[in-house]
Amino acid sequence: MSLLDYFRSSKSKTATVAKERLQILVAHERYYRDKPSYLPQLQEELMQVIRKYVQVDQDAISVKFEQDESQETLELNIVLPDSQAARSSQQDTVRAL
Amino acid sequence: MARIIVVTSGKGGVGKTTTSAAIAMGLAKRGHKTAVIDFDVGLRNLDLIMGCERRVVYDFVNVINGEANLNQALIRDKNCNQLYILPASQTRDKDALNLEGVGRVLEELSRDFKYIVCDSPAGIEKGANLAMYYADDAFVVTNPEVSSVRDSDRMLGILASKSRRAELNMEPIKEYLLLTRYDPDRVESGEMLSLDDVQEILSLHLLGVIPESKAVLNASNSGIPVILDEKSDAGQAYADVVARYLGEKRPLRFIDSKKGFLRKLFGGK
């Protein structure tokens, strides 16, 4: 290690920062890329319907969209509160498209 | 049947037109009859880079509208008789190009040409979509810089979903990476994304790395595609790109730092 290396390593390299930022961003953008554009609205409306009957939190509902060559699967997962049901979780899978 | 190549990037100013001019000239110089089309309607510039701006009479939109035939609009390059340029129109009408018309022109060109290079405008709007819609191969021009890499990735998503090949469930467009304006010195000092960094994110088939080079501005000043500057680093790098595209094996050049002596003395790699 030379004298110059000592000064150089005191600053974090901007290229490394760039790469890390890009990796996170690109992964995020790819995740949403191939999904139907109606997904966020569908999630929102499902929320409203479910909340008419069961009081659940926003994060108790997750909508997962998966795609393979032969089919597209829309999976809706609702975690019901303990008092409402003996089982804490009830899963419902909707096949769409 | 011609092979249709789109030169695309999403982001502007990364070197699409420079690349289109260079590879079209490179393919033509190799003896393949090549046409290069400017899809940037309203902001045509390929004619300037190719040095034929004063010979434009009819353009792409005239041909689509039936106001001129292809032979009237195609400009034969003054340096290579295997190369023809189809300039964009300067109209401000955004809808001057349409899918059907572009398809018709490409089909007519396909009968006579071996390669058709489509110089895409920046952005992801109509012009860019039309430029890539009929493509067989895509040259994704990327700078080692965050916004360019991100836009390239975005473009890859569009190539995979909104092209003719995607819509007809054909074999997908072949995507190649062309990393341009690369500065090995800045890469070595950790100030610029390296080829490996970019490939870790995009992982495309690499066609070549074009170094940041004074030759590029000199070439555009004179209206001569940089590939004809055979002594320049960028010119040679583009010649390698064309050779690789045609299936030859060429080692990568111009990716190592030139700052040898001092750096070694002070302990750099």
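Restricting to bridges with both residues inside chain B, how much of the DSSP beta-bridge set is antiparallel, in percent to the nearest 5?
Counting only bridges with both partners in chain B, antiparallel ones make up about 5 percent.
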Quick one: check the C-alpha center-to-center distance for the stretch B:7-21 versus the stretch B:127-169, whole angstrom. 12
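For chain B, how big is the tail of P(r) above 28 Å, as a whole percent of Cα pairs?
Working: 11418 of 36046 pairs.
Looking at chain B, the distances longer than 28 Å represent 32 percent of pairs.
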Can you tell me, using C-alpha contacts under 8 Å and at least 6 residues apart, the relative contact order of the stretch B:119-232 as a whole percent? 24
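Could you tell me which of rounded, prolate or oblate describes the stretch B:118-207, using a ≥ b ≥ c as the square roots of the eigenvalues of the alpha-carbon gyration tensor, with rounded for a/c under 1.5 and, failing that, prolate when a/b is larger than b/c and oblate otherwise?
Details: a/c = 2.68, a/b = 2.06, b/c = 1.30.
Prolate is the answer for the stretch B:118-207, as a/c is 1.5 or above and a/b outweighs b/c.
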The farthest towards the positive end of the charge dipole of the protein assembly as shown, of the residues A:Leu25, B:Leu46, B:Cys118, given +1 on Cβ of Lys and Arg and -1 on Cβ of Asp and Glu, is B:Leu46
Could you tell me the center-to-center distance, by alpha carbons, between the stretch B:179-253 and the stretch B:32-97 in angstrom? 26
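Where Rh is the Kirkwood radius over the Cα pairs of the protein assembly as shown, the temperature 10 °C and the viscosity 1.306 mPa s, what D in µm²/s does Stokes-Einstein return?
In µm²/s, the coefficient is 69.
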Furthest towards positive pole of dipole, B:Val105, B:Val36, B:Ala160, structure part chain B, Cβ charges: B:Val36
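Going through the cross-link list B:Lys214/B:Lys249; B:Lys33/B:Lys162; B:Lys126/B:Lys258; A:Lys13/A:Lys35, which pairs have a Cα-Cα distance over 32 Å in this structure? It would help to have the intermediate numbers written out before the result.
Values: B:Lys214/B:Lys249 27 Å; B:Lys33/B:Lys162 28 Å; B:Lys126/B:Lys258 42 Å; A:Lys13/A:Lys35 35 Å.
Violating the 32 Å limit, Cα to Cα: B:Lys126/B:Lys258; A:Lys13/A:Lys35.
Going by the alpha-carbon gyration tensor, a ≥ b ≥ c the square roots of its eigenvalues, is the stretch B:11-65 rounded (a/c under 1.5) or, if a/c is not under 1.5, prolate (a/b greater than b/c) versus oblate? Present the calculation step by step, with values, prior to reporting the outcome.
Numbers: a/c = 1.77, a/b = 1.20, b/c = 1.48.
Oblate, because a/c is 1.5 or more while a/b does not exceed b/c.
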Under 5 Å from the placed amide H of B:Arg181, counting only residues 5+ away or on other chains, we find B:Ile210, B:Glu212
Partner shielding of B:188-197, as the mean number of partner chain Cβ atoms within 10 Å, equals 4
For the stretch B:1-132, just say rounded, prolate or oblate: build the C-alpha gyration tensor, square-root its eigenvalues into a ≥ b ≥ c, call rounded for a/c under 1.5, and beyond that prolate if a/b exceeds b/c, oblate if not. rounded
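What is the interface area between chains B and A, defined as buried accessible area summed over both chains with a 1.4 Å probe, reported in Å² to the nearest 100? Write out the running numbers ahead of the final one.
Values: alone 13090 and 8370 Å², together 19890 Å².
So the buried area, both faces added, is about 1600 Å².
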Using the Cα centre of the protein assembly as shown as the reference point, and only Cβ charges (+1 on K/R, -1 on D/E), how large is the resulting charge dipole? Debye, rounded to the nearest 20. 1240
DSSP beta bridges in the protein assembly as shown, what fraction antiparallel, as a percent rounded to 5? 35
Taking every residue in A:17-27, how many Cβ atoms of other protein chains lie within 10 Å of its Cβ, on average? 5
Kindly provide the helix-only [θ] at 222 nm of chain B, computed as the sum of -39,500 (n - 2.57) over DSSP H runs of four or more divided by all residues, to the nearest 500 deg cm²/dmol? -11000 deg cm²/dmol
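The values are calculated or read from the model by the stated rules, or taken from the named source; none is laboratory data. Just so we're clear, the structure is a prediction, and the values are computed from it rather than from any experiment. Don't worry about glycine lacking a Cβ; one is built from the backbone with ideal geometry, like all the others, and counts go over all protein chains shown. Remember, those area values only see protein heavy atoms, side chains included, never the ligands or the DNA or RNA. Shrake-Rupley method; radii C 1.70, N 1.55, O 1.52, S 1.80 Å.
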